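**Q** Here it is, the structure, as structure tokens.
Read-outs throughout are calculated quantities, based only on the coordinates presented, and are distinct from any laboratory measurement. From a predicted model like this one, the values you see are computed outputs, not experimental measurements. Quick reminder, even Gly has a Cβ in these numbers, built from the backbone with ideal geometry, and neighbours come from all protein chains shown.
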Amino acid sequence: MGKAFESIKAGLTEAMAHAKRDPAAPRIVNCPACGKAIEWVAENRYRPFCSARCKGVDLGAWASDQYRIAAKEEPKPDPDAAE
Ligand SMILES: [Zn+2]
């Protein structure tokens, strides 16, 4: 019984320790840019991204997309459009 008790006690101690640290455990999210698991904490100013690079990648994609849309509206010189 001694051995079994020790095993249960060890398991309980571990479960208690886990429960104790779980509420404080940060939420794990996946970086939208690269899919890397990151901790959702206030210290991570790039959340939900894992890094400034991934945040920049997304912003860059957005910016280039906006630029493409803007560029499409630009009047282009048309040789046939004579006044
Ligand atoms: Zn990332």
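**Q** Taking H as built 1.01 Å from N, whose amide H comes closer than 5 Å to the amide H of ILE38, not counting residues under 5 places away?
**A** It is VAL29, ASN30, CYS31, by chain and number.
**Q** Arrange ILE38, ILE28 by Cβ neighbour counts within 10 Å, fewest through most, would you?
**A** ILE28, ILE38
**Q** Quick check on the exposure proxy: order PHE5, PHE49 from fewest to most C-beta atoms within 10 angstrom.
**A** Lowest to highest Cβ neighbour count: PHE5, PHE49.
**Q** Can you list the HN-Hα couplings for segment 50-55, worked out from phi with the Karplus curve (6.51, -1.76, 1.60; θ = phi - 60°), rounded to whole Hz and with x for Gly and Pro?
**A** Result, ordered by residue: 7, 7, 4, 5, 5, 5 Hz.
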